[in-house]
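Participant: Input: one structure, supplied below.
The values are calculated or read from the model by the stated rules, or taken from the named source; none is laboratory data. Owing to the predicted nature of the structure, the values given are computational and were not obtained by experimental measurement. Cβ: placed from backbone, ideal geometry, glycine included. Neighbour counts: every protein chain shown. Protein only, heavy atoms only, side chains kept; ligands, DNA and RNA dropped before computing areas. Shrake-Rupley method; radii C 1.70, N 1.55, O 1.52, S 1.80 Å.
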Amino acid sequence: MNDQSATVRDSFSGRFAVVAAVAGSAIGLGNIWRFPYVAGENGGGAFLLVYLVCIIAIGITVMTSEFIIGRAAQKNPYGAFKALAPGKPWFLIGLMGVVAAFMILAFYTTVAGWTLEYFYQSITGNITGKNNAELTVMFDTFLKGSFRPLLWFLIFMGLTGAIIISGVRKGIEKYTKVMMPFLFVLLILLCVRSLTLPGAGEGLRFLFYPDISKLTPKVILEALGQSFFSLSIGMGTLITYGSYIKKNENLASSAGMVTLADTAIAIIAGIAIFPAVFALGGSPASDTGLVFIVLPEIFQKMPLGNIFATLFFLLLSIAALTSTISVLEVIVAYLVEELKMSRRKATIAATLSVSVLGVITVLSFGALSNIRVADKNVFSILEYLTSNIMLPVGGFFIVLFIGWFFSPALVKKELTNDGSLKGRYLPLFRFFVKFIAPVAIAMVFLYSLGIFR
Ligand code: PHE
């Protein structure tokens, strides 16, 4: 049933599988690598506050809307808009999602490659005994090299493609149902160690005390972008996954559970990292290297630290893998359904073309670091454009579509599973999808462009 079967569409096997797969997509480097470093660069507590507002006011609504679109249409994002709004330009949103998928995969898999390097460095004992300065040098040297980052990137792309070739149930589901609980336990251990370091309180204050004077338009846009990135919303990943959700699953409560889990993991990662940053004398604004420098430092201050570090980077790679497969699936579903390729051919074509952009992205820290726009290298350009612009713009149109264009009867049908659920959230959802979410996204954009104060 992996190929474009005309009769029964591949689907997730049940409730737990749906939540696990969507959580697998949402939880990943976005929570553990990106959240701490972006929060660190954008003032800590003030950023967290706006981030949480974005999750509650916008995130859950966009996620639920994507599920509705995907499950109603049973198609990839482009095909879904074509099917639900024939002859209208909404399909452009789906197309932008496919383009965003290419861009995200290129830089995301780059970082996923770093986690493999750190897995390797921990298992071979190479981080043992290194202090902050030495770990910083180690990270910078690795990043600027060409061979190793490229090798790990290509290995990771290959792994992602291999899983996607085998399809939804056999591929995606099998890998997302296991392992995540282990990552959670390790994160908690890290928190305990970090919080018991002398001077840890300063880090907690940094993360949780909102210094309102730090709220600039930039901080607000970054928080919005991070909330979209972390929840995997705005580009049709969850339209695609939504199309594999069975008709008897509860869409709104699945969205709620995933959002809760994703947000909790990000905050827990913050609690693991910031106290240690302050206690061990690093800087919270340490750019993309933050967790690759601070976490090895914390592990060294724990008994059996090397074993834990090895396990941690292995699990982080797996968490990244359950996210990369969800992004690649967007491109593959598009190629299979719209261009009528076989699943195998589509996966190979997508993997190879992402790899071309990926190689440039990997090298943008070293050999190609002179390619810059507004002082950003290719990696940062892709990261900025996708998370801060394309995902929020996509999300804006997704909520507009569900709130103002899509038939309210069909929204009700999807949210109540054709009347079999009470749909208590329905009025609340309607209000958020029509007004709160689109207005909030628009306000952040106008504010960050300086049009609205
Ligand atoms: N949400 C994923 C993470 O936090 C990244 C991602 C973004 C996945 C967009 C799919 C789409 O790691």
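Participant: If you check Ala26 against the conditions, is it within 14 Å of the ligand (Cβ to nearest atom) and either over 16 Å from Leu295 (Cβ atoms) or at pLDDT below 95 (or both)?
Facilitator: Yes: the conditions hold for Ala26.
Participant: Let me ask something else. Give just the number: which of (1) surrounded by fewer than 18 Cβ atoms within 10 Å (Cβ to Cβ); (2) in a helix (DSSP H, G or I); (3) out of contact with any Gly (no Cβ under 7 Å at 6 or more places or on another chain) does Leu421 not satisfy?
Facilitator: Against the list (1) surrounded by fewer than 18 Cβ atoms within 10 Å (Cβ to Cβ); (2) in a helix (DSSP H, G or I); (3) out of contact with any Gly (no Cβ under 7 Å at 6 or more places or on another chain), Leu421 comes up short only on (2).
Participant: Also, I was wondering about something else. Out of region 318-346, which residues are closer than 17 Å to Ile27 by Cα and either open to solvent by 10 Å² or more (accessible area, probe 1.4 Å) or more than 13 Å from the ligand (Cβ to nearest atom) (or both)?
Facilitator: Ile318, Leu321, Val327
Participant: Follow-up. Restricting to region 412-453, give me the number of residues that are farther than 25 Å from Val393 by Cα and of a type in the set (Val, Ile, Thr).
Facilitator: Result for region 412-453: 1.
Participant: Output yes when any residue across region 268-287 is within 15 Å of the ligand (Cβ to nearest atom), part of a helix (DSSP H, G or I), free of Cβ contacts under 8 Å to residues at least 24 places away in the same chain and open to solvent by 10 Å² or more (accessible area, probe 1.4 Å), and no when none is.
Facilitator: Within region 268-287 (the criterion being within 15 Å of the ligand (Cβ to nearest atom), part of a helix (DSSP H, G or I), free of Cβ contacts under 8 Å to residues at least 24 places away in the same chain and open to solvent by 10 Å² or more (accessible area, probe 1.4 Å)), the answer is no, since none of the residues qualifies.
Participant: A follow-up question, please. Please determine, by comparing only the residues of region 288-317 that are among the small types (Gly, Ala, Ser) and either in contact with a strand residue (DSSP E or B) (Cβ under 7 Å, 6 or more places away or on another chain) or within 30 Å of Val19 (Cβ to Cβ) (or both), which one is surrounded by the most Cβ atoms within 10 Å (Cβ to Cβ).
Facilitator: The extreme case among them is Ala309.
Participant: Here's another thing I want to ask about it. Specify the residue that is nearest to Phe308 (Cα to Cα); the eligible residues are those in region 186-209 that are open to solvent by 70 Å² or more (accessible area, probe 1.4 Å) and either acidic (Asp, Glu) or over 24 Å from the mean Cα position of the chain (by Cα) (or both).
Facilitator: Val192
Participant: Further question on the same structure: Look at Ala442 and say whether it is touching a helix residue (DSSP H, G or I) at 6+ places or on another chain (Cβ under 9 Å) and in a helix (DSSP H, G or I). Give the steps one after another, and end with the answer.
Facilitator: Numbers: touching a helix residue (DSSP H, G or I) at 6+ places or on another chain (Cβ under 9 Å): yes; in a helix (DSSP H, G or I): yes.
Spelling it out, Ala442 is indeed touching a helix residue (DSSP H, G or I) at 6+ places or on another chain (Cβ under 9 Å) and in a helix (DSSP H, G or I).
Participant: Mind checking which residues of region 210-231 are open to solvent by less than 20 Å² (accessible area, probe 1.4 Å) and outside any helix (DSSP H, G or I)?
Facilitator: Selection gives nothing.
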